Amino acid sequence: MHRTATTDAVRRATREGVGVVVATSAYGLSFGALSIASGLDLWQTMALSLLMFSGGSQFAFIGVIASGGGIAGVASAAMLGLRNALYGMSMRRVVAPAPALLPLAAHVTIDESTAVALAQDEPRAQRAGFWVTGIGIYLGWNVATLAGALLGDLLGDPRQWGLDAAAAAAFVGLLWPRLRARQAVAVAAASAVVAASLLPVLPAGMPVIVAALVGVVVGLTNWLGPRHESALPDPGGPDHRQGDHA
């Protein structure tokens, strides 16, 4: 019975991963076309997708490059890429890759693979979701980048296809089933308000990172609360009784 439940969970994680792969990889068309339009050649565009492999960082980089920036583009991309390092701290425990697979696991630790893995309850399903999503998006993103770079003129404005909305919709689909408790709903709503309010004043990708701090603050509060309470004296302990008798 347990094996059947685990198998079903793995299949569900795989289906979710494939759905996210399709939605996110398609957005690579937009990156390839915009990268060429920003002045990068085909090899530079492909190097960004193959080696950097972080959508937010890649779009931030070509956005600054297109406006004439150089070092600023690298700094913006690096700042956005820091979130993947934070993901890696938790995903190493969840995925528990073999030493030989650590470099690959680190490279495919992105928003999507982390989200799909953490949306699962079974450990095997978490690992399946991570690998299917991470490797699938890596392959699909690079194929789509190549297609977008080669066919950019034929595609027209990539945003008219709504590919950015498809990727966002995939995230909403993953997030929605997790919003069961009032606190989760409140954190999601607060994060959305923070991100939306910062969109006009911060570079692309940064509002999401700042909004994520809402969840971090709530998580730390939940973690420190029980620790603080456990450090308080027991009202029914010896000290309390001695005070009553004094």
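Just so you know, all these numbers are worked out from the coordinates, no wet-lab data involved. Nothing here was measured: the structure is a model prediction, and the numbers come from that model. When we count neighbours, we look across all protein chains shown, and the Cβ atoms used for this are built from the backbone with ideal geometry, even at glycine.
What FRET efficiency would be calculated for the residue pair R182, A47, taking the C-beta separation as r and a Förster radius of 51 Å, to the nearest 0.05? Display every interim value, and only then the final one.
Working: r = 46 Å, r/R0 = 0.90.
The formula returns an efficiency of 0.65 here.
What's the FRET efficiency of S197 with A85 using the Cβ-Cβ distance as r and R₀ = 22 Å, to the nearest 0.05? It comes to 0.25.
The C-alpha atoms of the stretch 105-156 occupy a region whose extents along the principal axes are 45, 18, 13 Å, arranged from largest to smallest.
If I take R0 = 35 Å and measure r between the Cβ atoms of L104 and L213 in this structure, what FRET efficiency does the formula 1/(1 + (r/R0)^6) give, to the nearest 0.05?
On the way: r = 29 Å, r/R0 = 0.84.
Calculated transfer efficiency: 0.75.
If packing is taken as the average count of other Cβ atoms within 10 Å, what order do 100-110, 28-38, 136-146 fall into, highest mean first? Each step should come with its number before you reach the end.
Details: 100-110: 16.5, 28-38: 22.8, 136-146: 20.4.
With the highest mean Cβ count within 10 Å placed first, the list reads 28-38, 136-146, 100-110.
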